[in-house]
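Single-structure report; data block below.
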Amino acid sequence: MKDFLNVALPKGRLGEKVYAMFEKAGFPCPSIKENNRKLIFENAQVGVRYFWVKPSDVAIYVERGAADIGVAGKDILLEYKPDVYELLDLKMGKCNMAVAGKQDFKDDRKKTLTVATKFTNIAKEYYASQGRDIDIIHLNGSIELAPILGLSDVIVDIVETGATLKENKLVVIEKFKDISARLIANKANFKFKSQMIEKVKSSLKEQVETND
Amino acid sequence: MQDLYKVLNSDERAVYSLRALYKDYGYTQYKMSKFEEYDLYVKNKEFLVSDSVITFTDTDGKLMALKPDVTLSIIKSNKDLSGGVKKVFYNENVYRVSKGTKAFKEIMQVGLECQGDIDEYTVTEVLLLAVKSLQRISLDFVLDVSNLGVISAITESLNVSESVRKKILSLLGEKNTEGISYICKQENVDKDSAELLCKLSYLYGESEKVINELKTLNLPQKAKQAVEQLYEIIKELKRLGYADNINVDFSVVNDTGYYNGIVFKGFIKGIPTAVLSGGEYDLLMQKMGSKKCAIGFAVYLDSLKKLEEEKEDYDVNTVVLYSQSTPLCEINDAVFKAKKDDDSVLVVSVVPDKLRYRQLVDLTKGGKA
């Protein structure tokens with residue numbers, strides 16, 4: 001029996017773009033384009049199976065081997081540090097990890113800084129490298145609200161265009177990490193499907209380079 | 001004997017089969033107590049896979065720990081090695097924090113350690129035993145081998161800080177070629193070394209192919225020797241007919257604070273993490289005050305539970321159902337009759353919920369069903 005290559009794609013626009021790249025790489029799966037609520041699609045002829053998962057879950061599927069490869073944002077990789085191979089920077093979904101605050105924010109180093117964020121580990125690591133004493137408030141969304149309501153002094157979040165910040169009268173204080181989508185692979189499954197994975201990687205790499 | 005084998009789970013089977021294998025090669029079993037003084041682990045925290053250790057205070061006030069690791073205890077017990085090599089194997093439970101639940105877990109570990117004057121033969125033997133261990137678990141396996149000597153020869157020649165060196169190694173472990181090239185640019189690493197490191201990050205595959213490719217590279221002298229050492233060992237394993245599933249992969253980095261030289265990781269199809277991990281750990285020996293060398297590996301049996309077991313259709317073959325009024329002799333006769341076919345019998349007065357059985361002998365109605 002031929003082995004399937006299991007690919008976890010992030011639901012949404014980025015995932016659709018990534019699928020197009022996989023299709024070009026010789027792993028098409030026409031049924032994926034049908035407009036329905038199915039989450040899993042396979043093409044037995046070329047031996048590929050795609051599934052749509054929540055973008056922040058891709059790394060988990062890959063780390064635990066349910067998917068052989070997947071596409072995940074660098075933010076997720078930095079936050080959860082999954083034990084996976086990071087094979088390629090797809091240079092898509094580019095944004096920055098940044099500190100933002102109210103326009104009149106000034107860091108008072110006499111006080112503990114309160115930071116609201118979805119990315120607890122990233123924020124901790126960043127401020128530890130600065131030697132800054134902080135308190136973290138973990139939020140799951142609408143992070144921008146925190147400084148406005150006085151819940152926190154600043155936020156650590158991904159910033160793409162900065163439009164949301166602007167509309168809420170917040171400003172970027174510092175961008176400290178470039179974020180983009182990465183091709184990741186499960187370390188064990190890589191050994192058993194290395195030919196297929198290498199094929200995907202080299203074709204995606206070519207496509208990234210021509211787009212660049 | 002056959003019957004006993006039937007009773008075992010796949011991981012239990014592996015334990016006994018591996019123990020037999022190591023015994024056949026003259027390794028003696030090392031049995032240790034469940035506890036060690038906490039001191040031992042604090043001093044060597046970096047060697048441990050997880051930071052947390054279960055501790056408790058002994059009756060004499062000493063802080064003790066439930067062992068998270070076996071290797072350290074074996075080194076401690078072998079403080080004064082004379083000439084030759086001491087070969088031991090172990091089969092112990094260790095206590096570690098699992099990444100998912102962040103709670104302590106008991107993990108069954110089987111492994112072996114060689115300590116003393118490690119020579120090329122010993123390294124080859126340990127690698128051979130690693131291959132044979134994997135083979136006994138599943139025929140669909142891969143052993144990835146690397147020689148840290150190659151990587152350290154390159155990184156030592158770079159003029160970078162220890163933290164950058166560590167960063168490069170962890171990027172190598174991720175096969176993150178772009179990350180390496182980025183950090184090399186940032187640290188002004190010369191172009192040739194940067195290219196070499198990038199190349200090592202994605203070189204992967206059948207041992208001979210990779211080694212031949214390595215030989216064409218412009219490696220520093222020390223790295224060349226390390227490649228040569230790797231080549232000699234794999235050549236010998238090939239001669240013995242065991243090289244088919246061996247790949248060379250420099251993403252096997254383990255912890256370079258302790259490991260040096262040959263390191264390896266074993267994988268089995270269907271299990272998403274490495275099931276076998278080991279290497280030469282002379283640096284750990286030095287740190288613990290020994291001048292000798294060492295090599296060893298451990299097999300993590302908890303992951304084997306993921307291997308598919310043959311599904312049994314029935315929990316029990318025959319169920320004998322009796323009531324308080326059934327005569328004792330009738331129950332026993334029914335049991336013996338069912339046992340004649342050498343099958344499992346469950347004797348109950350109420351059939352448990354969701355029990356799957358092949359036949360029911362109902363004695364409650366005064367007759368056989």
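The table below lists the values:
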{"quantity": "Shape of region B:60-117, Cα gyration tensor, a/c cut at 1.5", "calculated": "oblate"}
{"quantity": "Amide hydrogen neighbours beyond the local backbone of residue A:88, cut-off 5 Å, H modeled", "calculated": "A:183"}
{"quantity": "Choice from B:338, B:14, B:294 with maximal GNM fluctuation in chain B (Cα, 10 Å cutoff)", "calculated": "B:338"}
{"quantity": "Restraint check, B:167/B:305; A:111/A:177; B:23/B:265; A:118/B:175, Cα-Cα greater than 30 Å", "calculated": "B:167/B:305"}
{"quantity": "Gyration tensor (alpha-carbon) shape descriptor, region B:1-111, a/c threshold 1.5", "calculated": "oblate"}
{"quantity": "Cα-based equivalent ellipsoid of region B:8-57: semi-axis lengths in Å, sorted from largest, via gyration tensor", "calculated": "29, 14, 12"}
{"quantity": "For B:336, A:22, B:35, order by how many other beta-carbon atoms lie within 10 Å, fewest first", "calculated": "B:336, B:35, A:22"}
{"quantity": "For B:136-142, mean number of other protein chain Cβ atoms within 10 Å", "calculated": "1"}
{"quantity": "Shielding by other protein chains, A:77-85, mean Cβ within 10 Å", "calculated": "3"}
{"quantity": "Spin-label model distance (nm) - residue A:161 vs residue B:225, 7 Å beyond Cα toward Cβ", "calculated": "6.0"}
{"quantity": "Of B:124, B:352, B:193, farthest towards positive along the dipole that unit charges on Lys, Arg, Asp, Glu beta carbons give chain B", "calculated": "B:352"}
{"quantity": "Square roots of five times the Cα gyration tensor eigenvalues for region A:57-153, Å", "calculated": "30, 14, 12"}
{"quantity": "Choice from B:69, B:60, B:333 with maximal GNM fluctuation in chain B (Cα, 10 Å cutoff)", "calculated": "B:333"}
{"quantity": "Global form of chain B, assessed from the alpha-carbon gyration tensor, a/c cut-off 1.5", "calculated": "prolate"}
{"quantity": "The protein assembly as shown - mean residue ellipticity at 222 nm from DSSP helices (-39,500 (n - 2.57) per run, n ≥ 4, rounded to 500)", "calculated": "-10500 deg cm²/dmol"}
{"quantity": "Highest-MSF residue in chain A out of A:102, A:191, A:11 [GNM, Cα springs under 10 Å]", "calculated": "A:191"}
{"quantity": "Shielding by partners, peptide A:186-196 (average Cβ within 10 angstrom, other chains)", "calculated": "6"}
{"quantity": "Potential extension, residue A:109-residue A:45 segment - 0.36 nm per residue separation minus Cα distance", "calculated": "16.9 nm"}
{"quantity": "Segment residue A:198-residue A:142, extension gain: residue separation times 0.36 nm, minus the distance between their alpha carbons", "calculated": "16.3 nm"}
{"quantity": "Two-site FRET efficiency, residue A:94 against residue B:215, from Cβ-Cβ distance with R₀ of 41 Å, rounded to 0.05", "calculated": "0.55"}
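Bear in mind that the values in this text are calculations on the coordinates, not laboratory data. Values in this document were obtained by computation on a predicted structure and should not be read as measured data. All Cβ positions, even for glycine, are placed from backbone atoms using ideal geometry, and neighbour counts span all protein chains on display.
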